[in-house]
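J.: Here it is: the structure, laid out below.
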Amino acid sequence: MSTVGRVIGTEDATPLEFWVALAPGQHVQLDDVLAVDRDLGDDGQITLYGIVIQMRARHEGARFDSDVFLISDGKLPAEVSECAMVQLTRAVPETFVPPIPGAPVRKAVGEERNRALDVDRVERQLPAGLSRDGEPMFIDLDFVDGTKGAHVNISGISGVATKTSYATFLLFSLFNSGVLGQEARGTKAIIFNVKGEDLLFLDQPNRALSQEARAGYGQLGLPATPFDSVGIVAPPRPGDPAATPATGSRSVGIKPFFWTLEQFCHQQLLPFLFADAEDERQQYTIVLGAVTAQLARLPTGREGSVHLDGRTIDNFSALVDAIAEKLQPEDPDSGPDPAWAGRAVGTGTINAFIRRLASSVRHVSHLIRSDIAGSPEHSLDFQDQVTVVDIHQLHDRAKRFVVGVVLRRTFDAKEATGSARPLQFIVLDELNKYAPRDSSSPIKEILLDVAERGRSLGVILIGAQQTASEVERRIVSNCAIRVVGRLDAAEAGRDNYGFLPPAQRQRATILKPGSMYVNQPRLPVPVLVEFPFPAWASRPAEAAPSAGWVDGDGAGAKSDGALFRGCDATPPHCGLACGQVDARPQPRR
Amino acid sequence: MGASIKFAVDTWGVGYDPAPDASQLEPATSDVDPTVELPVSQWRPIVPNPLYTLPQRVAFVDGIRRIDASILIDSDGDVRPGICASVAAGVVVTSGGTHAQVVDVRIERCVFGTSVVEAIDTRFGTYQPRICSDDDRESLYLGIHQAMVELELDCGDDQDAELIVFDGPLRGRHVAAGVGYIKAQHVRYLPEPTQQVVYGLGTGQRSPLFVVGSGGRNRWSWYVRLPGPITHGLSGIVRCELPGVGSIDDAIARSDVVSRTLVRFASEPHKDPRAPQNLYPIAGLERTLRHRLGDAALFQRQLLLAASERRSVP
């Protein structure tokens, strides 16, 4: 390989970082992979590999800024010097010495490029995208599946960072690259759709997929197809007695989900309605604990209802009324039932509890019900490989409830099996909402549990957020793989992104969609990867038409069978833009 | 190689860029004929003819010198002074609007003194002995200057250049494209009243041609004022020399071309203390040459090392 330049001696060359002056006529660009040898005498020869993370060009011999005009006019002689800053990725064999100034530097290509990026030592390669030289870049599965590390964390601003797209791409790669071997079949994933409706079409091919993107999949050894086995569940439409799923642009192939009152009581889900249930400063948590314990003992009725004091309770509102009756009997002479309220609890505390409970009714009553025939069948079963839980239309409080309950159930179920395999993946965006740095909640506790113990239990979190600085530190620090898309400039300056060298931090503020920095334990420097455009649709307009389906502009819409709503508006407005029923949660009448 | 002489480095005596007495460099000559272009009575400032095409490819030849160490040489019980110096010469070529490039850099390191000097080896090169007529300061400086001029004479045979500007007098160089360029006016050539015309030159104007020297070494010469603030009669005045061959008409045409070309390269005072005479390409060349001489402290240390090694030899 020809020399592109030489290590310079006017800047310190260190074992981890050095500058290379480019020879005339040669050029490199950011993210190029370079190699330089050093002879260690009796200790043999080592090769240092690194990535170009910064470059500069300047006039040597000029003293004033305006000299550039003299130089351009040919009046003043000057040399143009172009230098590249290289950050070490690997030393082979591992000997940390600086390269010697003057040493010739070459581009690392082919085998050498794989060695430089440590790809050659990775046995189980999870395709993570294409690096800037168009070659596949891999993540070591050992650092995803819990063998040596687990969890993925993705940061980036909304819209251009394409966090969710990358998370789904990673899942797709996991299931389809063969890296999981036989296990791929049993491995499952739960994706929470927290914003828009872009995850509701994972099972539909993307019409807008270009040939170039297809080639990208080919290079990564992945099929350019949608997900194989996808189940999509959505909460029922509030006020709809038939409990049809409340989604905007897609109504077909989506199952409604809710919990029966029996499940709510016996699985002790009540605390998930309270954001600060773990906060020990709150007095009402005593009441909460007592009520939860009492609910767990209620006998079961038909269709998942419960019996309390001889009454059948089949909806959440009735349950709240019954609880209130226990705590604040209508008869002014009798006090609260101590079995329900706990002992020596003041009226103010009880009021605080009831107030909080009552305010949740309007947000979650359609999620906790036994008023429909076959109610128990609507609980989440996660039969498919990928289950998308759509919660984007729910109120924040209901969102937290669903996420908390699903996580708890998944985690407990996995714990009960006693085996880490097959793996269970969980994709959750807006981690800052569910596990904020500065407060405590039941969901945060579960997420912490997943982050800290999930590795050994086989529960792997692929979390994402706009700002890692606002997420509980212990959750982010437990993620072996960190991914950064485009960052807000102020956010990029925070120490949470210490793994990004300064030049890359700066660059993270201008990353284009589809480009991510992937930081993995194997490499001391994050690598920029580009992942191909999703092969699955992320909007109705992208979903390829097939029998019984219509495309986004609604032309030739069929009323029979499954169909996408004729709408190409950006969710969540589409439901309204199409003049359809306002699917947003309605106030309880 | 010559490890026999013992010497010490005189840490007191280092001076940089020694300038020998100007009178010894440019001996005044009485052979001046100011009447070749105009009679003395008609001497006046001349605006160079703007119709001539200016040369595209212009080369500038210059040299620099640097004292690396003053030394004291043991010589049969006597101590004689000497100087270790580095000299360099090079060419910078400017070609139309493209970048000026330094080509052909030559470097020499010498130890100057009387017959007692011998070569001194260091890690970064050998100081070759150069015998001077005497070992007083002035003679040694003159020796250094001679070494530099010799290097300059070796450079500057750029065949493609339409104009080659030699820093200093022509010194016998008879290159057709060559012109001698004398920045500082230490010697007065012209008799009154012609000298007054020089003082009165406007920016870009030249004096009428005159001939200096005699026999085979006569040159066409003239003064030209480069652009810049005029604080005294000689502000921005340079003298040029052309080989004394060809017709006066050719020389006049050439002098017009040269005068107008030089104005293009004149430097400005905020960028160069020797502006405007120190032309931009020459300043850049000097900077490059000085850089190429290497670090002065490094050479001084090498000489100290060489001196101590010789002293330790019994």
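The values are calculated or read from the model by the stated rules, or taken from the named source; none is laboratory data. All values reported here derive from a predicted model rather than from experimental measurement. All Cβ positions, even for glycine, are placed from backbone atoms using ideal geometry, and neighbour counts span all protein chains on display. Only protein heavy atoms, including side chains, enter the accessible area calculation; ligands, DNA and RNA are left aside. Shrake-Rupley method; radii C 1.70, N 1.55, O 1.52, S 1.80 Å.
J.: Within the stretch A:381-405, track down each residue that is under 27 Å from A:G181 (Cα atoms) and more than 16 Å from the chain's Cα centre (by Cα).
T.: A:D381, A:F382, A:Q383, A:D384, A:Q385
J.: Being over 23 Å from A:G61 (Cβ atoms), assigned to a strand (DSSP E or B), open to solvent by 20 Å² or more (accessible area, probe 1.4 Å) and away from chain A (no Cβ under 14 Å): is that true of B:D121 here?
T.: yes
J.: Examine the stretch A:113-125 for a residue that is open to solvent by less than 10 Å² (accessible area, probe 1.4 Å), assigned to a strand (DSSP E or B), farther than 21 Å from A:L30 by Cα and not aliphatic (A, V, I, L, M), and state whether such a residue exists.
T.: For the stretch A:113-125, residues open to solvent by less than 10 Å² (accessible area, probe 1.4 Å), assigned to a strand (DSSP E or B), farther than 21 Å from A:L30 by Cα and not aliphatic (A, V, I, L, M): absent.
J.: Could you list, in sequence order, the residues of the stretch A:221-240 that are touching a Ser or Thr at 6+ places or on another chain (Cβ under 7 Å) and farther than 24 Å from A:V364 by Cα?
T.: A:G221, A:L222
J.: Can you tell me which residue in the stretch B:76-100 is farthest from the other protein chains (Cβ to nearest Cβ), limited to those that are in a strand (DSSP E or B) and surrounded by fewer than 17 Cβ atoms within 10 Å (Cβ to Cβ)?
T.: Going through the qualifying residues, I end up with B:D78.
J.: Still on this structure, I have one more. Which of (1) open to solvent by less than 70 Å² (accessible area, probe 1.4 Å); (2) within 14 Å of another protein chain (Cβ to nearest Cβ) does B:D256 not meet, given it meets every other one?
T.: With (1) open to solvent by less than 70 Å² (accessible area, probe 1.4 Å); (2) within 14 Å of another protein chain (Cβ to nearest Cβ) applied to B:D256, the lone miss is (2).
J.: Tell me, which residue of the stretch A:216-261 that is over 25 Å from the mean Cα position of the chain (by Cα) and either modelled with pLDDT of 90 or more or among the aliphatic types (A, V, I, L, M) (or both) is nearest to A:D321 (Cα to Cα)?
T.: Applying the filter and picking the extreme gives A:L261.
J.: Another question about this same structure. Taking the conditions exactly as written (at pLDDT below 95 and open to solvent by 20 Å² or more (accessible area, probe 1.4 Å)), does B:D136 satisfy them or not?
T.: In short, yes.
J.: Could you tell me whether any residue of the stretch B:285-302 is among the polar types (S, T, N, Q) and within 15 Å of B:I120 (Cα to Cα)?
T.: yes
For (1) in contact with a strand residue (DSSP E or B) (Cβ under 6 Å, 6 or more places away or on another chain); (2) open to solvent by less than 20 Å² (accessible area, probe 1.4 Å); (3) among the charged types (D, E, K, R), each residue gets a yes or a no:
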| site | (1), (2), (3) |
| --- | --- |
| A:A150 | yes, yes, no |
| A:T162 | no, no, no |
| A:Y166 | yes, yes, no |
| A:L170 | no, yes, no |
| A:S173 | yes, yes, no |
| A:T187 | no, yes, no |
| A:F192 | yes, yes, no |
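J.: Residues being more than 39 Å from the chain's Cα centre (by Cα) and in a strand (DSSP E or B): count how many of those fall in the stretch A:58-86.
T.: The total comes to 7.
J.: Looking at the stretch A:291-313, which of the residues that are buried (at least 18 other Cβ atoms within 10 Å of the Cβ) and at pLDDT below 85 is nearest to the chain's Cα centre (by Cα)?
T.: Checked the stretch A:291-313; the qualifying residue nearest to the chain's Cα centre (by Cα) is A:G304.
J.: Taking the options B:G236, B:G284, B:G294, name whichever one is within 14 Å of chain A (Cβ to nearest Cβ), open to solvent by less than 10 Å² (accessible area, probe 1.4 Å) and among the small types (G, A, S).
T.: B:G284
J.: Here is a check on your reading of the model: is B:R57 within 24 Å of B:V93 (Cβ to Cβ) and open to solvent by 50 Å² or more (accessible area, probe 1.4 Å)? First the steps, then the outcome.
T.: Numbers: within 24 Å of B:V93 (Cβ to Cβ): yes; open to solvent by 50 Å² or more (accessible area, probe 1.4 Å): yes.
Spelling it out, B:R57 is indeed within 24 Å of B:V93 (Cβ to Cβ) and open to solvent by 50 Å² or more (accessible area, probe 1.4 Å).
J.: Limited to the stretch A:59-109, what total is found for residues that are within 14 Å of chain B (Cβ to nearest Cβ), of a type outside the set (K, R) and touching a helix residue (DSSP H, G or I) at 6+ places or on another chain (Cβ under 7 Å)?
T.: Residues in the stretch A:59-109 being within 14 Å of chain B (Cβ to nearest Cβ), of a type outside the set (K, R) and touching a helix residue (DSSP H, G or I) at 6+ places or on another chain (Cβ under 7 Å): 7 in total.
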